[in-house]
Amino acid sequence: MEARNKLYFFYKNTKKLHPQVEELKAFAESQDFHLVNDPAEANIITSIGGDGAFLQAVRKTGFRDDCLYLGISTGQLGFYCDFNINAHKDMLEAIRNEQIEVRKYPIIQVEIDGDTRLYCLNECSIRTSTIKVFSIEVYIDNLHFETFKGDGMIISTPTGSSGYNKSVNGAVIDPKIPCLQVSELASLNNNYYRTLGSAFVLNQERELTLKIKENINNYPIIGLDNEAYSIRSNKEIKITLPDRRIKTVKLKDNSFWHKVQRSFL
Ligand code: NAP
Ligand code: MN
């Protein structure tokens, strides 16, 4: 097996962060890690910042499933950040450990009109960008399930379930259950329009299709974790959960439920 010692650091170089990162890099080199300038050459990709930085690091390096991602926090520990920037030793010891245990997080695949393939670690959200409601035809596999009218929908991964999804009353899901959660953003419900009205969870073998109807003068926004794109209506979006997983280090007493408790209780 190839030695796991090629490190790439992903961070925003600010005046405040610079000396801390330099110190961390020097320590890593003194411990026989090689720092690489191209993330494609790394087998450990480390983000420095918060959960938002981790999401960016995974996105900008192409959702690799053949390397280890590591989140380093510059403040509070988060959902993807297991180490504090000052705990150099803990971090390098954790990745050096021969019996390293790896945590595997499911990601979502988003296919727009059958070609563009994108991924999300937290969620894919589709929202109106105007003050008007818009419509989405929702299909589960080939079943036309409902016609949604409202502000939008969020499709989250298990690890994303504690993010945006939770703010709209979705359930927090154990990442050991590979699934998609669909939650609503202000659905219109009356005698003409009806949606399920609650979040629902789909098994990983299911395919969710969202057909965005022609909405005159309405350009929906599609959010992929913390990046947003504006799309024209009349699009077909297929959302699935591929077998690909994002790997991080598994630490003692730091299960997903420890993190949920640490953050919310
Ligand atoms: P942001 O607007 O700075 O962050 C929103 C907050 O969500 C931050 O405190 C962030 O932590 C935290 N967060 C990120 N992923 C999380 C997760 N899986 N579970 C629990 N909390 C999480 O944007 P950002 O930092 O780039 O993060 C993007 C994420 O923010 C999106 O993927 C979405 O889940 C979430 N979001 C939430 C709402 C809402 O609740 N109304 C709206 C938009 C987006 P850090 O401070 O450590 O970065
Ligand atoms: Mn953030």
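The values are calculated or read from the model by the stated rules, or taken from the named source; none is laboratory data. Bear in mind the structure is a predicted one, so any value in this text is a computation, not a measurement. Positions of Cβ are generated from backbone atoms using ideal geometry, with glycine treated the same way; all protein chains shown enter the neighbour counts. Accessible surface is based on the protein model in full, side chains and every heavy atom, while ligands, DNA and RNA are left aside. Shrake-Rupley method; radii C 1.70, N 1.55, O 1.52, S 1.80 Å.
To the nearest 20 debye, what is the magnitude of the charge dipole of the chain about its Cα centre, counting +1 on the Cβ of each Lys and Arg and -1 on the Cβ of each Asp and Glu? Walk me through the numbers on the way to the answer.
Values: 33 positive and 33 negative charges, 113 e Å.
Dipole size: approximately 540 debye.
Heavy atoms only, probe 1.4 Å: what % of the accessible area of the range 108-240 goes to carbon and sulfur, would you let me know? Present the calculation step by step, with values, prior to reporting the outcome.
Values: 2990 of 6360 Å².
So the carbon and sulfur contribution to the accessible surface is 47 percent.
Which aspartates and glutamates have a Cα lying under 19 Å from the Cα of LYS104, excluding residues fewer than 8 positions away in the same chain?
Partners found: ASP51, ASP65, ASP66, ASP82, GLU123, ASP174, GLU205, ASP225, ASP243, ASP253.
Out of the DSSP beta bridges found with both residues in the chain, what percent are antiparallel (nearest 5)? Show your work: numbers first, answer last.
Details: 54 of 71 bridges.
Once the DSSP bridges in the chain are tallied, antiparallel ones form about 75 percent.
Give me a comma-separated list of calculated 3J(HN,Hα) values for the range 29-41, in order, Karplus coefficients 6.51, -1.76, 1.60 applied at θ = phi - 60°, integers in Hz, x for any Gly or Pro.
Once θ is set to phi - 60°, the couplings for the range 29-41 become 5, 5, 9, 6, 8, 9, 8, 10, 8, 10, x, 5, 8 Hz.
If we count every other residue with Cβ under 13 angstrom of GLN181's Cβ, Lys/Arg +1 and Asp/Glu -1, where does the sum land? Please report the intermediate quantities before stating the final value.
Numbers: positive: LYS166, ARG206; negative: GLU123, ASP174, GLU184.
With Lys, Arg at +1 and Asp, Glu at -1, the net is -1.
How large is the charge dipole for the range 108-240, taken about the Cα centre, if only the Cβ atoms of Lys, Arg (+1) and Asp, Glu (-1) carry charge, to the nearest 20 debye? If you can, show how the numbers build up before the last one.
Numbers: 13 positive and 16 negative charges, 66 e Å.
The calculation lands at about 320 debye.
Please compute the length gained on full extension between HIS34 and ASN169, using 0.36 nm multiplied by the number of residues separating them and subtracting their Cα-Cα distance. Before the final figure, lay out the partial values.
Working: separation 135, 0.36 × 135 = 48.60 nm, distance 4.41 nm.
Gain in length upon complete extension: 44.2 nm.
What ranking do 30-43, 58-71 get when scored by the average of other Cβ atoms within 10 Å per residue, highest first?
Values: 30-43: 13.9, 58-71: 18.1.
Averaged packing, sorted descending, gives the order 58-71, 30-43.
Here are some pairs, LYS25/LYS166; LYS25/LYS60; LYS12/LYS252; LYS12/LYS250; LYS149/LYS238; which of them have Cα atoms lying more than 27 Å apart in this structure?
Numbers: LYS25/LYS166 36 Å; LYS25/LYS60 21 Å; LYS12/LYS252 29 Å; LYS12/LYS250 25 Å; LYS149/LYS238 18 Å.
From LYS25/LYS166; LYS25/LYS60; LYS12/LYS252; LYS12/LYS250; LYS149/LYS238, over 27 Å: LYS25/LYS166; LYS12/LYS252.
So what is the accessible area of the range 13-128 per residue, in Å², with the probe set to 1.4 Å?
Working: 5360 Å² over 116 residues.
Averaged over the residues of the range 13-128, the accessible area is 46 Å².
What net charge is computed for the residues neighbouring LEU77, neighbours being all others with C-beta under 9 Å from the C-beta of LEU77, Lys and Arg scored +1, Asp and Glu -1? All intermediate terms of the calculation are to be shown ahead of the outcome.
Values: positive: LYS259, ARG262; negative: ASP82.
For residues surrounding LEU77, the net value is +1.
Based on the Cα coordinates of the chain, what is the per residue volume of their convex hull in Å³? Spell out each step's value before the answer.
Details: hull volume 38.6 nm³, N = 265.
Dividing the Cα hull volume of the chain by its residue count gives 146 Å³.
Find out how many positive minus negative residues lie around VAL260, taking Lys and Arg as positive, Asp and Glu as negative, among other residues whose Cβ is under 12 Å from that of VAL260.
Charge balance near VAL260 sits at +2.
Tell me, what % of the accessible area of the range 11-74 is carbon and sulfur with a 1.4 angstrom probe? Numbers along the way, then the final one.
On the way: 1470 of 3040 Å².
Ligands and nucleic acids excluded, carbon and sulfur reach 48 percent.
For the chain, what does -39500 (n - 2.57) per DSSP helix run (n ≥ 4), summed and divided by total residues, give at 222 nm, in deg cm²/dmol to the nearest 500? Working shown, then result.
Numbers: 5 runs with 46 residues, N = 265.
That comes out to -5000 deg cm²/dmol.
Sort the range 108-240 into rounded, prolate or oblate with this rule: let a ≥ b ≥ c be the square roots of the eigenvalues of the Cα gyration tensor; rounded if a/c is under 1.5, and if a/c is not under 1.5, prolate when a/b is larger than b/c, oblate otherwise.
Rounded, because the longest to shortest axis ratio a/c is under 1.5.
Given a 1.4 Å probe and the protein chains all in place, what does the accessible area of TYR139 round to, in Å² to the nearest 10?
TYR139 has an accessible surface of roughly 50 Å² with all protein chains in place.
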